Every structure is written in structure tokens, then in C-alpha cells.
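J.: Here it is: the structure, laid out below.
The values are calculated or read from the model by the stated rules, or taken from the named source; none is laboratory data. Fair warning: this is a prediction, and the values are worked out from it, not measured in the lab. Here the Cβ positions follow ideal geometry from the backbone for every residue, glycine too, while neighbour counts run over all protein chains shown. Areas reflect the complete protein model, heavy atoms only, side chains present, ligands, DNA and RNA absent. Shrake-Rupley method; radii C 1.70, N 1.55, O 1.52, S 1.80 Å.
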Amino acid sequence: MSDDARDLAEAQRRHWQNTYTAHPGMYGEKPSAPAVHAALVFRAARAEDVLELGAGHGRDALYFAREGFTVQATDFSPTGLEQLKQAAHDQGVAERVTTAVHDVREPLPLPDASVDAVFAHMLLCMALSTKEIHTLVGEIRRVLRPGGTFVYTVRHTGDAHYGAGTFHGDDIYEHGGFAVHFFPRHLVDSLADGWTLDDVHAFEEGDLPRRLWRVTQTLPR
């Protein structure tokens, strides 16, 4: 990692810590639409164990737990995960949720073939280089069981903020303190190499609105 990339990663870590501290439960308790979709996909695949990457304060991880899944939630913000753990206790699902502070630039802290499904809402389009994204998807492949499902969402190059703000290279732009790696379609396709690419669904979220793809891909048995 270059010095500039390391500085950006550390700045983003501080920014998210400060944001969760200043705005507890900032995304509310209602699950995201992609999480609702993912729960249906995971249930159809008979998944039981779900790993969520970039879980934040936990609105989606808690939804998966309420739906009966066992959830391992990771994020690089200890503050967000503390809010998640408290909410899990308050909602009576603490026995189905575990958390771990983790930066996805590092290997996932899980054994090979140890989870049935992985979910990541806008985690892959954070301030990660293309190389780091490919390495992460390789780690996801490692921890998934054969036939496991990966559902993720990313902002793409058709988003209104693409090309706006501070450019950090590699299709990464920082706007309002948040750095985003905007995905071209060929990156989605390359990340599905060796997988079955089940679906690439375009949708919008938020007031801008943000423009995203919801990607579903399955590991061959």
C-alpha cells in the first residue's frame, strides 16, 4: 500500500468512527432493501451462517438475526459494532450475533469454508484499490462453503457523484468526507470470474439518489 493510500485508509477509519459517535444508529433500524433481498436468496439456498462485511451499527446484521440466521458481523469501526452489540441485546438476538473489528484489507479472520453466505452493502466501494477489492473477493471465496452465495452492492460510474470531489485515483472520489470507489461494469464481471454470476440489479437509494448495483454470485459446488 502506498503512503497516500495508507493515509486515505486511516482518514476514512477516523471519519467513520467520528460519524458513528456523532450519529448513533445513523441508518435507523429498518433493514436495507438489499438485505431483505439477500435474506430471501440465502433462505432459498438453505444458508444458516451469514458473514456481513462492513456491518456498521448493524441494521442489516440484526435483520438477518431476526430472520433466524447466525450472523458474524465485521467492521473497522469499534464504535459502530458496540452499537450493534447493544441493539442485538435489546432485540433479544444476541445469541445469534457475533462481532469482530476488522479491516477488509487484511485476511478475513475465519477458517476456510466456514460460512454459507456473505453480505456486503456498499463495503466493496469504499476507499479500496482495485487490487484490494480482488484480494477481498478471493478471501470471501476462501471462507464460503461450496455452493455458498455472495450478495454485495456498490455505487457505479453512473452515479451523480462519480467524477465529483477529490480524486484519489483508481475511480476513487471523496465527497463530503466519504471516499467511494465507483465501479465500472467490467470490474463486476472480473470479480465474478470462477463464480456463477446470478444477477446484476440496478437500483437507487437515498436522496441524491445514489445509483448502485446489487450483485448476486454463487460459488460452484
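J.: List the residues whose amide H sits under 5 Å from the amide H of Thr99, counting only those 5 or more places along or on another chain, with H placed 1.01 Å from N in the peptide plane.
T.: Distant-sequence amide H within range of Thr99: Ala73.
J.: Now for a different question. Taking +1 at the Cβ of each Lys and Arg and -1 at the Cβ of each Asp and Glu, which of Thr74, Ala94, Ser114 sits farthest along the dipole of the stretch 70-151 towards its positive end, judged by Cα position relative to the Cα centre?
T.: Positive-end residue among those listed: Ser114.
J.: Just to be sure I understand: with springs between alpha-carbon atoms less than 10 Å apart, which residue in Thr149, Thr196, Thr70 has the highest mean-square fluctuation in the Gaussian network model of the chain?
T.: Maximum fluctuation in the GNM of the chain, among the listed residues, is at Thr196.
J.: On to the next question. Calculate how large, on average over all directions, the projected area of the Cα convex hull of the stretch 40-86 is; give the answer in nm² to one decimal.
T.: 3.0 nm²
J.: Another question, then. Take each uninterrupted DSSP H stretch in the chain, measure its Cα extent along the helix axis, and return the ones at 15 Å or beyond whose mean Kyte-Doolittle hydropathy is at least 0.0.
T.: Those that pass (Cα extent of 15 Å or more, hydropathy at least 0.0) are 33-44.
J.: Next question, about the same structure. In whole percent, how big is the carbon plus sulfur part of the accessible area of the chain, probe 1.4 Å, protein atoms only?
T.: 51 percent
J.: What distance in nm separates the two pseudo spin-label positions at His175 and Asp112, each 7 Å out from Cα along the beta-carbon direction?
T.: Simple spin-label model gives 4.2 nm for this pair.
J.: Counting only residues 5 or more places away or on other chains, whose amide H sits under 5 Å from the amide H of Gly148 once H atoms are built in the peptide plane?
T.: Excluding prolines and chain starts, which carry no amide H, the hits are Leu219.
J.: Quick check: convex hull over the Cα atoms of the chain, volume per residue in Å³, rounded to an integer?
T.: 110 Å³
J.: With a 10 Å cut-off between alpha carbons and a GNM built on the chain, which of Ala61, Ala117, Ala33 moves the most?
T.: Looking only at Ala61, Ala117, Ala33, the biggest GNM fluctuation is shown by Ala33.
J.: Over the chain, average the accessible area per residue using a 1.4 Å probe and give it in Å², no decimals.
T.: Per residue, the chain has an accessible area of 46 Å².
J.: With only Lys, Arg, Asp and Glu charged, each at its Cβ (+1 for the first two, -1 for the last two), find how big the charge dipole of the stretch 20-118 is about the Cα centre; round to the nearest 20 debye.
T.: That gives the stretch 20-118 a dipole magnitude of about 260 debye.
J.: Over the stretch 33-178, calculate the relative contact order: mean separation of alpha carbon pairs under 8 Å at least 6 apart, over the residue count, as a percent.
T.: Reported as a whole number, the value is 22 percent.
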